[in-house]
Amino acid sequence: MRIISLLTDFGLEDNFVGVMKAVILNINPKASIVDICHNLNAHNIKAAAFILEASYRYFPKNTIHLAVVDPGVGSSRKKILVKTADFIFVGPDNGVLSLALQNQKIEKILEITNTKYFLRPVCDTFQARDIFAGVAAYLSIGERIESFGKKITTIKSLNLPKFKINRNNLIGEVIYIDRFGNLITNIDKKAFTGFVANNRFEIKINNKIIKSLSRSYADVKRGELLAIFDSFGNLEVSVNRGSAKDCLGAKETAAVITKRL
Amino acid sequence: MRIISLLTDFGLEDNFVGVMKAVILNINPKASIVDICHNLNAHNIKAAAFILEASYRYFPKNTIHLAVVDPGVGSSRKKILVKTADFIFVGPDNGVLSLALQNQKIEKILEITNTKYFLRPVCDTFQARDIFAGVAAYLSIGERIESFGKKITTIKSLNLPKFKINRNNLIGEVIYIDRFGNLITNIDKKAFTGFVANNRFEIKINNKIIKSLSRSYADVKRGELLAIFDSFGNLEVSVNRGSAKDCLGAKETAAVITKRL
Amino acid sequence: MRIISLLTDFGLEDNFVGVMKAVILNINPKASIVDICHNLNAHNIKAAAFILEASYRYFPKNTIHLAVVDPGVGSSRKKILVKTADFIFVGPDNGVLSLALQNQKIEKILEITNTKYFLRPVCDTFQARDIFAGVAAYLSIGERIESFGKKITTIKSLNLPKFKINRNNLIGEVIYIDRFGNLITNIDKKAFTGFVANNRFEIKINNKIIKSLSRSYADVKRGELLAIFDSFGNLEVSVNRGSAKDCLGAKETAAVITKRL
């Protein structure tokens, strides 16, 4: 049983995801389809790329990861398939796959061009149904990767904003906000601990100060602000049993500054 | 492995859908259950009928489509099962199945009456759990259709509003709005192209004018209004990377008028 | 094929649920995973416990129920596994399992301590991924229950508010509000019918009076208030094709008083 993971911004209010699954099962009735997420903000390629990167490695080897956040659907942007040592990734060539691919050994990149695997006629507003779902399904029954199109050598890549170090300040920002209102930053554990070393520090966000790192949300009282290394491996600002987003009125791109004292 | 598709207005905030799946798997542990959608507006039979019609054909032959948007649950409305050439449909007899059935060859209609397949006691506020889920599950393990009740010859049907032609005006309306704020109209491609032929035209909605058809959302600039034939096969008014619904303040039933110039 | 049910407050906006499924399928590719619900209000242990109790029994025997609403994640609260006559329950020891366990024969309780089954390193903000998902998955491939930790004898239990009887008043409250705005009370059918017996009665909530019980929502006109025994087995206040929550401005804990006339 081959696993196909799905990551889209199609939401669950309509039939988009259900119809993609129908197309897949029509080709491979034994495909095991797992939703990573469909409720990302519409058209948010960065969030999708971040979430795919934070998810793909937990799946079994040989999982086919299908990621379709595709505001350019039907335009000239390419449709691609990327084989890495452990997985296959399928999606539009708009950067959505690029963060997940950064740390993997890429074996092959193809532009998907073989219309034999497409539903006909292809509707240029829903290529996830008419092109991508079928490609993932045919991959899941063992169709050779080379069959889907022609080899290419580069894909569009996308970069999350990087933190900066300015003397005694480590300046990062909020790059993702989850359902709980946790503010995930672009500061990874290694960077943070290397910067802080044995010094005292304070973390500033929207004029609030956090003076220590917590190990679990419950380390502080209910309703209190805390900083923690989260399940994405990044520094996160949270409120115990509350929402840091609401509490701080913080948005994506909000600055998070760690000062070495 | 037999597929059962689910379409309801139960939402994903409660356990309704999960419990339906539990009941199905209790009867057929090998059933493959696919969600079409559960987040339709509560009690919106028309939207459900529209979505079912736009979805059923993508599923493998012999899929059992279970559609329960059922504001009259527990009342005297019938519970029905409809066998067509390729599928079986199960649901309340309130029109929810009728649009999907319009273009199919109906082989048999049954009123579901055999209590042998029901959970007991049947709760009259949740027949999806106590009646419909079980019927779909028993169908999926090959129970004969005739076992579930008695043959009937007609079902309640429901019609979407039809477009009208008034001299040089093709007058349609918005019948569905998707997650992206795209406004799906009741004007299909054939009707539109037949009406417009080789003439110039303009499409008017909420006092805004669109003067051409796009082939993909990206044909216009970000934030601009466009008209396109969508994945439902209908004329759709959209905004590239935005929401036509928000941009126009449009609602279902909003008039969409194409004028031949 | 062993079934694992999932109940969390992780929502479907992020990748939390998808990653839990990935971890499970990595250990048992044949696990059949069923979502009970993920959209409960964040950190609402009571609602989760109520929903688990209202759901578990519909699943096939031997289902592994994994319930993670866990505001104390990473703190000293225990992680437990409970074997009953028909099911296995896995989750944090914060009461989330306790209502479901009240009516079952408990055979064994274990504190989960064997790190062999954990992902490493364990992230103290996402033990559902790093601990619970793996435990459920290993259980689903037949790992012995005793392998996961040490026997304990008690778990934290949680009680829903109980109704009271004060002369001719049966005083209950709203304990759960579903997607439709139905107000589910803590008054079960047996208690209600025993109290009312053959007397006339009226049910008062937020200064509105209901004078009879309905058998189905459609017993009253569209938009009218009604009282009914619902699919949870409890007295429920509803509006036919509307929302009692919106109509009455009612919240959880709102008093629902039945007066014997």
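Select from region B:108-160 the residues that are among the aliphatic types (A, V, I, L, M), touching a Ser or Thr at 6+ places or on another chain (Cβ under 7 Å) and outside any loop (DSSP other than H, G, I, E, B) and list them in ascending order.
Our first condition is that a residue be among the aliphatic types (A, V, I, L, M); within region B:108-160, this holds for B:109-110, B:112, B:119, B:122, B:128, B:131, B:133, B:135-137, B:139, B:141, B:145, B:152, B:155, B:158, B:160.
Those still in the list that are touching a Ser or Thr at 6+ places or on another chain (Cβ under 7 Å) too: B:109, B:128, B:155, B:158.
Listed by number, the residues that qualify are B:Ile109, B:Ala128.
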**Report entry** Top-ranked residue in region C:213-240 [being within 25 Å of the chain's Cα centre (by Cα) and surrounded by fewer than 18 Cβ atoms within 10 Å (Cβ to Cβ); ranked as farthest from the other protein chains (Cβ to nearest Cβ)]
**Finding:** C:Gly233
Query raised in the report: Among the residues of region A:117-140, is any open to solvent by 50 Å² or more (accessible area, probe 1.4 Å) and among the polar types (S, T, N, Q)?
Result: no
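Give the residue, chosen from B:Val256, B:Val220, that is over 30 Å from B:Gly72 (Cβ atoms), of a type in the set (A, V, I, L, M, F, W, C) and in contact (Cβ under 8 Å) with a residue 40 or more places away in the chain.
On the way: B:Val220 fails: in contact (Cβ under 8 Å) with a residue 40 or more places away in the chain.
Just one listed residue meets the conditions, B:Val256.
Suppose we filter B:Phe192, B:Phe232 for residues that are over 30 Å from B:Val19 (Cβ atoms) and in a loop (DSSP other than H, G, I, E, B); which single one remains?
Sole residue among the options that is over 30 Å from B:Val19 (Cβ atoms) and in a loop (DSSP other than H, G, I, E, B): B:Phe232.
The values are calculated or read from the model by the stated rules, or taken from the named source; none is laboratory data. Computed from a predicted structure; not experimentally measured. Positions of Cβ are backbone-derived with ideal geometry, glycine not excepted, and every protein chain shown enters the neighbour counts. For the accessible areas, the whole protein counts, side chains as well, though only heavy atoms, and no ligand, DNA or RNA atoms are used. Shrake-Rupley method; radii C 1.70, N 1.55, O 1.52, S 1.80 Å.
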